[in-house]
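Engineer: Below are the structure tokens for one structure; questions will follow.
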Amino acid sequence: MQQPTLEVCIDFKSPYAFVAHQLIWRLETQYGHRIRWHPLTLNIASFLGTATKRAGGGVTETNRSPRQWSVVKAAYQDARRYAENQGLVLKGPLKIWDSSLAGIALLWVQENASSRAHLRQFMTELFRRFWLRDCDLEDPAALKAIMAFALVDCEGFDDYALEQGKERHDHLQEVLLNKGVFGVPSFIVGKEIFFGREHLDTVLWRLEGSKGPIPNPRYPWHTGMLDDGDHGL
Amino acid sequence: MTAIMDFNHCYLLVDLQDVESMVALKVVSGWAQRVAVPVSVQPFLKPKINTAGDVPKGSDAFEAYKNKRAAARNLVRAQERLRDLQRLGLTEVDRLSPLQWLQIHWGLLQVAEQSANLSMLFDKLFAVLRAADGRQRGDALEILLAFLVSDSEPSVAFEMDKAHRDLRSVASAWQAKGVLSAPSLWLNGEVFMGVGHLPLITDRLLKLGLDK
């Protein structure tokens with residue numbers, strides 16, 4: 001029987017995608033389910049409003065409601081718990097970034113990296129620098145520097161970003177939204193969509209043929225949790 | 001009202017009309033036995049948060065995107081609900097009347113202070129949801145409500161208006177503590193949205209020195 005394919009949608013500006021990234025890779029490196037990565041560029045203004053902060057703290061401009069602020073604060077508090085546990089630094093962004101160029105860079109690297117390890121290194125480094133507030137996601141030069149760091153050829157990226165890559169990215173947004181993908185990380189297995197890393201056990205269970213009881217949702221906490229087979233908790 | 005929060009005591013906030021909360025109750029009841037931690041279940045009846053509803057109206061394209069995103073979200077929620085039903089071994093949850101749900105949630109409040117035996121609670125509630133017909137459901141509901149209210153001290157009688165008031169008051173108290181939605185877990189001043197945080201919470205408890 002043919003193995004189901006695994007498509008994973010991420011956005012580099014999502015704290016949830018950041019803390020899920022390394023765990024998701026394990027589905028490929030440890031379980032052999034090759035991942036097709038899709039950039040989903042979230043339009044955050046459409047569901048959480050907008051806000052700009054100054055570096056020292058303090059909001060300079062916003063149209064967010066108190067309810068939206070509560071959700072945003074809870075999301076960052078939650079993502080930080082998991083980032084710290086993985087030894088990652090997560091500094092809240094000072095504005096809502098347009099991450100479409102970074103998404104196009106992901107498409108480029110996925111096509112041009114000489115190995116999956118190079119793709120992984122690119123993604124890891126981009127996430128790391130962005131959440132350290134050390135990468136301008138809207139600057140092609142910053143993205144090309146990370147490609148160079150990951151030993152990915154970036155010759156031709158500028159044209160790709162303006163033409164073919166942009167076209168592919170924009171088309172993908174339509175396709176993914178029409179399929180039902182609205183947030184990140186999302187996992188597409190056949191016609192099913194799983195939103196959030198708490199479903200990693202279930203995604204793996206589905207990919208491995210849905211044997212035994214369906215796992216319960218849980219956020220991976222310690223390393224090796226995907227392997228413990230303890231889905232019931 | 002008495003204090004509803006103790007340190008080193010875990011609270012599970014639920015809206016049992018939502019299948020996700022039922023799954024949470026099932027999972028947490030197994031976990032509480034395993035880690036030997038007292039857990040109280042309390043109702044948290046608030047509509048699901050829709051932050052998109054607070055976004056000011058924008059261009060036609062922006063509004064079209066918002067609508068498409070909302071449709072996508074509903075689709076994924078429906079899929080997740082089916083998986084939750086599968087987790088419970090059900091194909092559908094029989095509908096109870098609003099009054100019956102009110103009685104159940106109010107009943108939960110009566111045992112909230114005593115950390116009801118979660119697996120017994122889940123079993124009795126599950127019997128209501130699994131009942132084949134109205135008569136069986138009525139019997140199961142009677143058993144559940146007797147279980148909930150018999151533990152209360154002093155014993156109290158159900159009054160609809162008071163039940164609504166009590167449930168609103170409890171939800172407001174939890175909201176003031178940062179709870180946004182059900183199911184959520186609360187431990188020592190920290191809110192954990194969803195049921196998936198049990199591995200983290202176990203770790204926190206182990207660090208507090210509680211035996212596994």
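The values are calculated or read from the model by the stated rules, or taken from the named source; none is laboratory data. The model shown is predicted, which means the values in this text are computed figures rather than measured ones. Cβ atoms come from the backbone with ideal geometry, glycine included; neighbour counts cover every protein chain shown. The protein model used for the area step is the full one, side chains on, heavy atoms only, and it has no ligands, DNA or RNA in it. Shrake-Rupley method; radii C 1.70, N 1.55, O 1.52, S 1.80 Å.
Engineer: Which of B:Glu159, B:Glu20, B:Glu92 moves the most in a Gaussian network model of chain B with Cα springs under 10 Å?
Structural biologist: B:Glu159
Engineer: Restricting to Cα pairs below 8 Å that are 6+ residues apart, what does the relative contact order work out to for the stretch A:59-157? Please round to a whole percent.
Structural biologist: 28
Engineer: 222 nm [θ] for the protein assembly as shown, helices only, -39500 (n - 2.57) per DSSP H run of 4+, per residue, to 500? Let's see the in-between values first.
Structural biologist: Values: 16 runs with 225 residues, N = 445.
Calculated mean residue ellipticity at 222 nm is -16500 deg cm²/dmol.
Engineer: By a straight-distance test (C-alpha under 24 Å), which lysines pair with A:Lys191 as possible cross-link partners, with residues fewer than eight away in the same chain excluded?
Structural biologist: Qualifying lysines at Cα under 24 Å: A:Lys179, A:Lys211, B:Lys66, B:Lys68.
Engineer: Gaussian network model of chain B, Cα springs within a sub-10 Å range: biggest mean-square fluctuation belongs to which of B:Pro199, B:Pro47, B:Pro56?
Structural biologist: Of the options given, B:Pro56 has the highest mean-square fluctuation.
Engineer: For the stretch A:6-226, with all protein chains present and a 1.4 Å probe, just round the carbon and sulfur fraction of the accessible area to a whole percent.
Structural biologist: Working: 4830 of 9200 Å².
With neighbouring chains kept in place, the figure for the stretch A:6-226 is 53 percent.
Engineer: Quick check: Cα centre of the stretch A:39-87 to Cα centre of the stretch B:58-122, how many Å?
Structural biologist: About 26 Å separates the Cα centre of the stretch A:39-87 from the one of the stretch B:58-122.
Engineer: Let me ask you something else. May I ask for the net charge around B:Arg69, where only other residues with Cβ less than 13 Å from the Cβ of B:Arg69 are counted and Lys, Arg are +1 while Asp, Glu are -1? Before the final figure, lay out the partial values.
Structural biologist: On the way: positive: A:Lys179, B:Lys66, B:Lys68, B:Arg73, B:Arg77; negative: A:Glu174, B:Glu63.
Net charge around B:Arg69: +3.
Engineer: Sequence gap at least 6, Cα distance under 8 Å: using those rules, report the relative contact order of chain B to the nearest whole percent. Can you show the working numbers first?
Structural biologist: Working: 232 pairs, mean separation 72.3, N = 212.
Once normalised by length, the contact order is 34 percent.
Engineer: Can you work out the accessible area per residue across the protein assembly as shown, with the rest of the protein chains kept in place, probe 1.4 Å, in square angstrom?
Structural biologist: Details: 20410 Å² over 445 residues.
For the protein assembly as shown, the per-residue accessible area is 46 Å².
Engineer: Follow-up question, since we're still on this one. In whole angstrom, note down how far apart the Cα centers of the stretch A:112-179 and the stretch B:181-204 are.
Structural biologist: The two parts, judged by their Cα centres, are 35 Å apart.
Engineer: Could you state how much accessible area is buried at the B-A interface, both sides summed, with a 1.4 Å probe, in Å² to the nearest 100? Please report the intermediate quantities before stating the final value.
Structural biologist: Working: alone 12050 and 11950 Å², together 20410 Å².
Accessible area lost upon association: around 3600 Å².
Engineer: Sticking with this structure for a sec: Using a 7 Å offset from the Cα along the Cα-to-Cβ direction at both A:Leu162 and A:Arg54, what is the distance between the two label points in nm, to one decimal?
Structural biologist: Placing both labels 7 Å beyond Cα along the Cβ direction yields 3.7 nm.
Engineer: Explain nothing, just the number: relative contact order of chain A, from Cα pairs under 8 Å at least 6 residues apart, as a whole percent.
Structural biologist: Values: 312 pairs, mean separation 56.1, N = 233.
Once normalised by length, the contact order is 24 percent.
Engineer: Distance in nm between label sites at A:Thr62 and A:Arg128, each 7 Å beyond Cα in the beta-carbon direction?
Structural biologist: If labels sit at A:Thr62 and A:Arg128, their model points lie 3.2 nm apart.
Engineer: Compute the distance from the alpha-carbon center of the stretch A:198-218 to that of the stretch A:92-111, in whole Å.
Structural biologist: Their Cα centres are 29 Å away from one another.
Engineer: May I have the convex hull volume per residue, in Å³, for the Cα set of the protein assembly as shown?
Structural biologist: Details: hull volume 72.7 nm³, N = 445.
Convex hull of Cα atoms, per residue: 163 Å³.
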